[in-house]
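Working notes for the structure below.
The values are calculated or read from the model by the stated rules, or taken from the named source; none is laboratory data. Everything quoted here is computed from the prediction, not taken from an experiment. Note that we place each Cβ from the backbone using ideal geometry, even for glycine, and neighbour counts take in every protein chain shown.
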Amino acid sequence: MTHPEINPIAINLGLIQIHWYGLMYFFAFILFYYLGKYRIKTNPWYRLNVKILDDLFSYGALGVIIGGRLGYALFYQPIHYFTHPLEIFAIWNGGMSFHGGLVGVLSSVWLVARKYHKEWFCLTDFIAPLVPIGLGFGRIGNFINQELWGKPTEVPWGVIFPKVDLLTRHPSQLYEFFLEGVLLFLVLWIYSGTQRARKKISGLFLIGYSLSRIIVECFREPDHHLGYLFESLTMGQLLSLPMLLFGIYLFLSNND
């Protein structure tokens, strides 16, 4: 199939333009909040309240945006953004790093944990099942923007991205939507529905995301300005490997 070439601007009000990429984040934040409220009611062992959720929401949203954008600038195009620093603020053009966003969110969670005297891993275990929602919506935004496309392929579900070329390519954005968004959400949501030992849910999230990212990167074109690192690894795979190891460590640790 050929990409439908959806206009990246969802709503055009003249001076105000609302992009699909931004709307994806808006939808993700809203679902995060309301699912978080549901989990506070159904998972009393976290001993959280709506006030804490409000801070997790607001601090976390800033952490995602600031960390994700700075991470993309640092990991993927440091020279470009060093010479064009104002473009860092143009998030509507795409270009967000999950790994940078993760650092931003973890920093935000640390601030909330300190404010309310909560254990850090208690809060990361709580938000871990909610994070895949944002990942899934973000990949839809990538598909709409025709970015992060896959390698050429002959599979029948291949997609032609006219903004790139006329080759049929893996819709790697949709692969990630399914693995990082849908599948990882279902696994974590079901697993966290029962009280678990501390750090298990956080560890499972890191394992699930890292494996999904490492696998999909095999079907995705590496960033043209980076290419492959060490002849065969992409930047996404390189950044995901320590996450995978740390996730395994957390999941296998004996915790109360």
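The requirement of being surrounded by fewer than 16 Cβ atoms within 10 Å (Cβ to Cβ), under 20 Å from the mean Cα position of the chain (by Cα) and closer than 25 Å to GLU5 by Cα is fulfilled somewhere in segment 182-205, by at least one residue.
Of the residues screened, ILE16 is one that is over 21 Å from the mean Cα position of the chain (by Cα) and either modelled with pLDDT under 90 or farther than 30 Å from THR153 by Cα (or both).
Mind checking which residues of segment 75-87 are touching a residue at least 12 places away in the same chain (Cβ under 8 Å), touching a helix residue (DSSP H, G or I) at 6+ places or on another chain (Cβ under 8 Å) and surrounded by 15 or more Cβ atoms within 10 Å (Cβ to Cβ)? Scanning segment 75-87 gives PHE75, TYR76. Looking across LEU239, LEU252, LEU229, one residue alone is touching a residue at least 40 places away in the same chain (Cβ under 8 Å), surrounded by fewer than 17 Cβ atoms within 10 Å (Cβ to Cβ) and over 20 Å from LEU130 (Cα atoms). It is LEU252.
Please verify whether segment 156-175 includes one or more residues that are of a type in the set (D, E, K, R), buried (at least 16 other Cβ atoms within 10 Å of the Cβ) and touching a Phe, Trp or Tyr at 6+ places or on another chain (Cβ under 6 Å).
Yes - at least one qualifying residue is present in segment 156-175.
Would you check which residues across segment 179-237 are in a helix (DSSP H, G or I), under 22 Å from GLY71 (Cβ atoms) and not hydrophobic (A, V, I, L, M, F, W, C) and list them? Answer for segment 179-237, where residues must be in a helix (DSSP H, G or I), under 22 Å from GLY71 (Cβ atoms) and not hydrophobic (A, V, I, L, M, F, W, C): GLU180, GLY181, SER202, GLY203, GLY208, TYR209, SER210, SER212, ARG213, GLY236, GLN237.
Selection of segment 108-158 for residues being of a type in the set (Asp, Glu), in contact (Cβ under 8 Å) with a residue 24 or more places away in the chain, outside any helix (DSSP H, G or I) and more than 19 Å from PHE178 (Cβ to Cβ) yields only GLU119.
Does SER107 meet the test of being among the polar types (S, T, N, Q), at pLDDT below 85 and in contact with a helix residue (DSSP H, G or I) (Cβ under 8 Å, 6 or more places away or on another chain)? So SER107 does not fit the description; no. Checked against (1) acidic (Asp, Glu); (2) at pLDDT 95 or above; (3) surrounded by fewer than 18 Cβ atoms within 10 Å (Cβ to Cβ), ASP125 passes all but condition (3). Does VAL64 count as under 25 Å from ILE215 (Cβ atoms) and crowded, with 23+ Cβ neighbours inside 10 Å? Taking the combined requirement at face value, the residue satisfies it.
Of everything in segment 48-71, what is in contact (Cβ under 8 Å) with a residue 40 or more places away in the chain and not in a helix (DSSP H, G or I)? Give them in sequence order. Result: LEU48, single match.
Of all residues in segment 135-154 being in contact with a His (Cβ under 7 Å, 6 or more places away or on another chain) and not charged (D, E, K, R), which is surrounded by the most Cβ atoms within 10 Å (Cβ to Cβ)?
Here the residue is GLY150.
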